[in-house]
Amino acid sequence: VQIIFVFMLFSAFLQISGAGDFFVNIANAVCGGFRGGPAKVSVFSSSLFGTISGSSVANVAVDGGITIPLMIKTGFRPHFAAAVEATASTGGQIMPPVMGAGAFIMAELLSISYGDVIIAAALPAILYYIGLYCMVDLEAVKQGLHGLPSSERPKVWWALKQGGHLIIPIIILLHQLIIAGASVQRAGFYSIASVVVVSWLRKNTRMGLYRLILALKEGAMSSVSIAAVCATAGIIVGVVSMTGLGVSFSSGVVALSKGNLFLTLLFTAIICMFLGMGVPTTAAYIIAAAVGVPALLKLGANPLAAHLFVFYFACISAITPPVCGAVYTACGFSQTSVMQTGWTATRLGISAYIVPFLFVYHPVLMLKGSLWEIIQASITATIGVSAVSMAIIGTSYFGNIRWNIFQRILFFGAFIGLITPG
């Protein structure tokens with residue numbers, strides 16, 4: 001709870017200082033002019049803001065009011081626009097360096113360095129966003145959409161001038177944790193203090209007394225709900241541990257799967273998604289780790305891979321019907337059907353349902369291996385997520401060529417083959 005409070009406070013200080021606006025502006029400046037630009041802005045800005053936010057629902061609430069109406073205005077179907085924002089916001093939870101505070105909890109539970117966690121989580125998170133970006137691009141091709149005119153998007157230099165200094169606290173956070181080796185609390189304190197200091201570099205971001213009090217209030221308020229859920233999660237973990245339920249559960253899963261690792265992963269994934277439904281990222285992960293990890297360790301899975309596996313499925317419960325909190329929030333802006341939007345979000349985030357299985361079998365996707373193996377796996381996996389995007393959307397990147405069902409099945413097969421190392 002102490003770790004969560006520090007980073008909820010850090011997130012609140014960044015948001016009050018104007019970092020959220022900066023992320024949207026820089027995303028608009030970089031991606032807004034491309035075809036389907038507003039959706040790409042959503043992907044980019046949500047990946048930036050989502051990593052420091054401890055909740056995908058909160059991320060949708062912050063970004064969705066800007067990005068979803070803009071996507072609809074430029075021609076995207078309302079349910080698709082809401083699904084893109086929900087999927088992009090959920091992806092922020094698996095994106096280093098902060099991972100919605102999950103990176104720090106994971107390092108604590110595994111007794112390893114924070115750096116090891118974010119290095120292992122980097123490639124799968126990048127693949128998730130490459131896949132989502134490709135699907136947005138293909139949907140724009142399919143619908144014949146264009147980017148925003150230059151008059152409606154800011155210049156990169158202007159966006160950097162207005163808020164570029166707000167990246168400094170994140171750099172300080174990374175320096176303290178990875179290079180200086182400071183504790184999480186110390187790194188969080190320095191980062192929060194640096195937000196206040198650097199905010200004075202520009203008049204529009206300057207944090208006076210009123211903004212400081214507001215940031216403290218917002219940080220405390222956002223921490224209360226998550227702390228309450230985490231406290232409840234702690235009780236559940238304690239019950240699971242004291243009663244031996246965790247051992248019984250893992251033994252039951254292994255017995256049910258007859259010692260087959262794939263079936264054990266499948267059952268664990270389903271259970272983690274159920275446990276994560278409607279629960280903030282960190283609390284969902286804590287519960288899922290207590291219940292799901294022992295079964296995987298029993299079958300010889302790498303401990304870090306096992307934790308990342310349950311973390312992924314606890315996170316993506318936010319876009320998995322029927323209880324998909326991020327989708328419900330996004331639908332408030334798009335006024336669309338939750339189920340239709342939820343299934344669209346599930347398709348857009350398909351790599352997050354498949355990649356975790358692969359990095360349990362192939363640690364090279366967690367950047368564990370020789371340099372050549374890592375480079376080869378990264379290139380083929382990137383081509384693979386590009387292929388699955390064509391399978392899902394059914395359109396070519398070059399010209400409006402529609403693929404038939406047989407071709408789409410072949411592209412999906414190519415995805416499985418290319419994303420599997422070796």
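Out of Phe49, Phe311, Phe249, any idea which swings most in a Gaussian network model of the chain, alpha carbons joined below 10 Å?
Highest fluctuation of the listed residues: Phe249.
By how many nm would the segment from Ser378 to Met242 lengthen if fully extended, with 0.36 nm per residue of separation less the alpha-carbon distance?
44.7 nm
Determine the principal axes of the Cα atoms in region 276-315, then give the extent along each, sorted from largest to smallest and rounded to whole angstroms.
Result for region 276-315: principal-axis Cα extents of 30, 14, 11 Å.
Pull out the extension gain between Ser337 and Ser151, defined as 0.36 nm times the separation in residues minus the alpha carbon to alpha carbon distance; nm, one decimal.
Difference between extended and current length: 63.6 nm.
Largest first and in whole Å, give the semi-axes of region 152-297's equivalent ellipsoid, each being the square root of 5 times a Cα gyration tensor eigenvalue.
Those come to 42, 19, 15 Å.
Hey, can you find the accessible area per residue of region 27-186 for me, probe 1.4 Å, expressed in square angstrom?
Per-residue value: 33 Å².
If you average the sequence gap of Cα pairs under 8 Å that are 6 or more apart and divide by the length of the chain, what percent do you get for the contact order?
For the chain, the relative contact order is 22 percent.
Could you give the nm distance between label points at Leu410 and Trp200, where each point is 7 Å from its Cα heading toward the beta carbon?
That separation, rounded to one decimal, is 6.5 nm.
Rounded to a whole number, what % of the accessible area of region 291-384 do carbon and sulfur atoms account for, probe 1.4 Å?
Ligands and nucleic acids excluded, carbon and sulfur give 69 percent.
Considering only protein heavy atoms, what per residue accessible area in square angstrom results for region 270-422 with a 1.4 angstrom probe?
Heavy-atom accessible area per residue stands at 39 Å².
Determine, from the Cβ-Cβ distance of Leu256 and Ala193 and an R0 of 56 Å, the FRET efficiency 1/(1 + (r/R0)^6), rounded to the nearest 0.05.
0.65
Given that compact globular proteins tend to follow 2.2 N^0.38 Å, what is the ratio of the alpha-carbon Rg of the chain to that value?
Scaled against compact globular proteins, the figure is 0.96.
What does the convex hull of the alpha-carbon atoms of region 322-422 project to on average, in nm²?
8.4 nm²
Taking 0.36 nm per residue of sequence separation and subtracting the Cα-Cα distance, how much length would be gained by fully extending the chain between Ala231 and Ser183, in nm to one decimal? Could you put the intermediate results ahead of the total?
On the way: separation 48, 0.36 × 48 = 17.28 nm, distance 2.20 nm.
The Ala231-Ser183 span can extend by a further 15.1 nm.
Which order do the peptides 67-79, 161-173 take when ranked by the mean count of other beta-carbon atoms within 10 Å per residue, highest first?
Going from most to least packed, we get 67-79, 161-173.
Beyond 25 Å, what percent of the Cα pairs of region 1-150 remain?
Roughly 29 percent, rounded to a whole number.
Note down the magnitude of the dipole of the chain about its Cα centre, charges +1 on Lys and Arg C-beta and -1 on Asp and Glu C-beta and zero elsewhere, to the nearest 20 debye.
Once rounded to the nearest 20, the dipole reads 600 debye.
Name the residue, out of Ala231, Ala86, Ala289, whose mean-square fluctuation peaks in a Gaussian network model built on the chain with Cα pairs under 10 Å.
Between Ala231, Ala86, Ala289, it is Ala231 that shows the largest mean-square fluctuation.
The values are calculated or read from the model by the stated rules, or taken from the named source; none is laboratory data. The model shown is predicted, which means the values in this text are computed figures rather than measured ones. Positions of Cβ are generated from backbone atoms using ideal geometry, with glycine treated the same way; all protein chains shown enter the neighbour counts. The area values use the complete protein model at the heavy-atom level, side chains included, leaving out ligands, DNA and RNA. Shrake-Rupley method; radii C 1.70, N 1.55, O 1.52, S 1.80 Å.
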